[in-house]
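The values are calculated or read from the model by the stated rules, or taken from the named source; none is laboratory data. What you see is a predicted model, and the numbers here were worked out from it, not measured in a lab. Because the Cβ atoms are built from the backbone with ideal geometry, glycine has one as well, and the counts that use them run over all protein chains shown.
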Ligand code: ADP
């Protein structure tokens, strides 16, 4: 599809360019040939007579002028033909190159969309086939009530997973098309993180993780939408918990620099290889080490990045494989 569009565009551009150039050349030629003849001879005659010591301008001179005019016209014709012939080669080549450059970002975004749709469908298929499998088994024969309860519970889990996936996809789609409005207000970052930590209490205790929270000495506010910032830091904290082995550490630090509130979340977890650090913010990207061991869609960090972008902030990662990972978020303090 891309190649055909590129070829069509090159053809259209070449035809437009050639038609224009031929038209200009034709006008130039006609104009030039029209100004030759008697009027031209009169002009040359007037110039000639204005020269000091000019002798009489006879019919012989007029013939010479006529011949010179015809020669110049022939030369112009040749120049036009050579130029247009050369352009016949240059224009399509240049057109092919330029349309390639113009279409490259469109092709990239088209490929990304295709990949996104295929990844999303793949992720949706998994919970759906689990649901169908469980129900088919349950329907095969009469069973006791606790069995059905178990099926309903695990079905609900899968439905929750599906709902979460759809929510995430919707959020990303809206952010992509700038249809995700942000209701900005001043938010106390320390307060927000404290209440978030309370929500993660159970997960933290279950893995016996040690949390060290270093709030700033004074109140630091960020300018943003509370629900989105909760979503952003939930994703980062959830990852820190997920990817840190039991008994590990998580450090959370709030600070500020110039016009930015800074939050860094560091863990003593499995870390991320250097070559993967640039890719983890891509949609559906999961490291092989995570795929087999933890549940997730690979959307948490792309949502975090979208939220940071909507707030005109920045997010970065620094990590040592097998040792630690630090995610740092910069959020503007004011509008
Ligand atoms: P998910 O956690 O659902 O897989 P994310 O988008 O949140 O998706 O993260 C993408 C990938 O980045 C994860 O699969 C994991 O491999 C890696 N990752 C994210 N956070 C951390 C972390 N704190 N420590 C190690 N790896 C991480």
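Scanning the stretch 276-296 finds one or more residues that are over 23 Å from residue 204 (Cα atoms) and more than 11 Å from the ligand (Cβ to nearest atom). Of all the residues in the stretch 257-275, those that are away from the ligand (no atom under 13 Å from the Cβ) and either in a helix (DSSP H, G or I) or modelled with pLDDT under 95 (or both) number 3. Selection of the stretch 314-335 for residues being without any contact (Cβ under 8 Å) to a residue 60 or more places away in the chain and either under 23 Å from residue 170 (Cβ atoms) or not in a loop (DSSP other than H, G, I, E, B) (or both) yields 314, 315, 316, 317, 318, 319, 320, 324. I'm checking my understanding of the structure. Among residues of the stretch 229-252 that are near the ligand (Cβ under 7 Å from one of its atoms) and assigned to a helix (DSSP H, G or I), which one is nearest to residue 311 (Cα to Cα)? Only one residue tops the list, namely 235.
Yes or no, residue by residue, for (1) in contact with a strand residue (DSSP E or B) (Cβ under 7 Å, 6 or more places away or on another chain); (2) surrounded by fewer than 18 Cβ atoms within 10 Å (Cβ to Cβ):
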| position | (1), (2) |
| --- | --- |
| 238 | no, yes |
| 242 | no, no |
| 245 | no, yes |
| 255 | yes, yes |
| 270 | no, no |
| 277 | yes, yes |
| 282 | no, yes |
| 294 | no, yes |
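Listed by first and then second residue, the pairs with beta-carbon distance under 8 Å, at least 6 apart or on different chains, first residue in the stretch 197-225 and free of Cβ contacts under 8 Å to residues at least 40 places away in the same chain, second loosely packed, with under 10 Cβ neighbours inside 10 Å and in a loop (DSSP other than H, G, I, E, B), are 208/246. When the stretch 297-313 is limited to residues that are more than 12 Å from the ligand (Cβ to nearest atom) and not in a helix (DSSP H, G or I), the one that is surrounded by the fewest Cβ atoms within 10 Å (Cβ to Cβ) turns out to be 312. Among the residues in the stretch 206-213, are any in a helix (DSSP H, G or I) and either away from the ligand (no atom under 16 Å from the Cβ) or over 17 Å from residue 315 (Cβ atoms) (or both)? Yes - at least one qualifying residue is present in the stretch 206-213. Every listed requirement among (1) exposed (fewer than 11 other Cβ atoms within 10 Å of the Cβ); (2) free of Cβ contacts under 8 Å to residues at least 40 places away in the same chain; (3) more than 20 Å from residue 286 (Cβ to Cβ) is met by residue 125 save one, (3).
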